[in-house]
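Participant: Have a look at this one.
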């Protein structure tokens with residue numbers, strides 16, 4: 001963040017440098033239960049379908065129990081092949097249901 005205000009001697013302009021173009025994205029993904037957060041994963045860069053599937057299989061899958069419900073928003077990475085319902089019926093995760101939230105509804 002750049003300072004918007006500052007002090008300088010009377011008659012002199014205040015100079016300040018501004019960082020430009022060196023932004024880095026950090027993404028945190030986690031599941032939420034009544035007992036607290038589950039399967040947290042922090043990584044550098046934006047989320048994509050490949051990373052989301054890796055999180056589903058390596059982190060979330062082992063935490064799921066029978067009759068759990070997984071609810072996701074309509075982020076494009078959640079809609080990759082094997083994402084929204086692809087983890088159902090695979091070993092430990094059998095009996096898990098997944099649902100995508102409905103989009104905005106007109107009034």
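Every read-out reported here was derived from the displayed coordinates using simple, explicitly stated rules and does not represent laboratory data. Nothing here was measured: the structure is a model prediction, and the numbers come from that model. Every residue, glycine among them, receives a Cβ derived from its backbone with ideal geometry; neighbour counts consider all protein chains shown.
Participant: May I ask you to compute the full-extension gain from residue 7 to residue 23, defined as 0.36 nm times their residue separation minus their alpha-carbon distance, rounded to one decimal in nm?
Facilitator: Details: separation 16, 0.36 × 16 = 5.76 nm, distance 2.80 nm.
Taking 0.36 nm per residue and subtracting the Cα distance, the gain is 3.0 nm.
Participant: While we're here: Return 8, 17 ranked ascending by Cβ neighbour count within 10 Å, so the fewest neighbours appear first.
Facilitator: Starting with the residue having the fewest Cβ neighbours, the order is 17, 8.
Participant: Could you list log10 I(q)/I(0) for the range 1-42 at q = 0.22, 0.26, 0.28 Å⁻¹, which the Debye formula gives when each Cα is one point scatterer?
Facilitator: -0.83, -0.94, -1.00
Participant: Further question: Give, in nm to one decimal, the length gained when the segment between residue 32 and residue 76 is fully stretched (0.36 nm per residue of separation minus the Cα-Cα distance).
Facilitator: 13.8 nm
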